[in-house]
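Participant: There's a structure below that I have some questions on.
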Amino acid sequence: MIYRSALFFLLFCLSLNSALGNEAIKFQYEKKDYGPTLMLASGLVGRLNVPVAELEGAKIIPGAGITVMFPDRSYFSLEILTSEDFGYKGVDIRSWPLYLFGIKESGPEPESYISELKKSKKFVIDLDISPEEVRIFDTSSGTGYWAFGKKKSFIVLVDKDKSDQILVIKTESISGERIERLIINGVI
């Protein structure tokens, strides 16, 4: 009987932890002055002001987007994605991070769009990023969503005036504090 009670308690704790892991936390960041900045731009919504001091020794690699690689092999990348890239031309993809991060379960978008994002959540966010938390924050032109994991992070920025483009930022081996200096401060 004690074994069964302990098992039920463990299952309850695991389900509670799982449920809490899906909640997003609203954050309010305060803009700080880190000195001169370099603007990295990708598409119409992909503007990021990075402190020049943070870029010492970094290589900026253009491609489908922009990748900034640091000497310690940590990096972040910026890439603009459009509704057309997803095969859903005309769909307001500002909802993309809501489904990808598990903040929203349903809406007016096509069911196939929502279903694809829920599958991506499982593999990209839950398994690859394994976020400790998901943060939502205001940017200078819209809203940011940040799935923060121990080794990797996934940030999506949406513009309040641009419904067909989002900016996706991926990081690897960069601490949360450094992400706040490098990326978050450059978009708020």
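Participant: Net charge near LEU78, counting Lys/Arg +1 and Asp/Glu -1 over other residues with Cβ under 10 Å of its Cβ?
Facilitator: +1
Participant: Further, regarding this structure: Pick from ASP126, ASP33, ASP92: which residue has the top mean-square fluctuation in a GNM of the chain where Cα pairs under 10 Å get a spring?
Facilitator: Judging by the Gaussian network model, the answer is ASP33.
Participant: Still on this model: Considering only ILE103, ILE166, ILE93, give the residue with the highest GNM mean-square fluctuation for the chain, with springs between Cα atoms whenever their separation is below 10 Å.
Facilitator: Most flexible of the set in this elastic network: ILE103.
Participant: Filter the trypsin sites (Lys or Arg not before Pro) in segment 79-169 down to the DSSP loop ones having no more than 15 other Cβ atoms within 10 Å, then list what survives.
Facilitator: Working: sites: LYS89, ARG94, LYS104, LYS118, LYS119, LYS121, LYS122, ARG135, LYS150, LYS151, LYS152, LYS160, LYS162; in loops: LYS89, LYS104, LYS150, LYS151, LYS160.
Taking segment 79-169 and a limit of 15 other Cβ atoms within 10 Å, the loop trypsin sites (Lys or Arg not before Pro) found are LYS89, LYS104, LYS150, LYS151, LYS160.
Participant: Tally Lys and Arg at +1 and Asp and Glu at -1 over the other residues with C-beta under 15 Å from the C-beta of GLU180: what net charge comes out?
Facilitator: Numbers: positive: LYS31, LYS32, ARG135, ARG178, ARG181; negative: GLU30, ASP33, GLU54, GLU132, GLU133, ASP138, GLU177.
Combined, the nearby Lys, Arg, Asp and Glu give -2.
Participant: Suppose R0 equals 35 Å; then what is the FRET efficiency for ILE60 and LYS160 from their Cβ-Cβ distance, rounded to the nearest 0.05?
Facilitator: In this case the efficiency is close to 0.80.
Participant: Under a point spin-label approximation (7 Å from Cα along Cα-to-Cβ), what is the GLU116-LYS32 distance to one decimal in nm?
Facilitator: Calculated label separation equals 3.9 nm.
Participant: Something else now. Ranking request for peptides 175-186, 55-66: highest mean number of other beta-carbon atoms within 10 Å first, then the rest in descending order.
Facilitator: 175-186, 55-66
Computed from the coordinates by the stated procedures, all read-outs in this text should not be read as laboratory data. Only a predicted model underlies this, so the values are computations on that prediction, with no experimental measurement involved. Don't worry about glycine lacking a Cβ; one is built from the backbone with ideal geometry, like all the others, and counts go over all protein chains shown.
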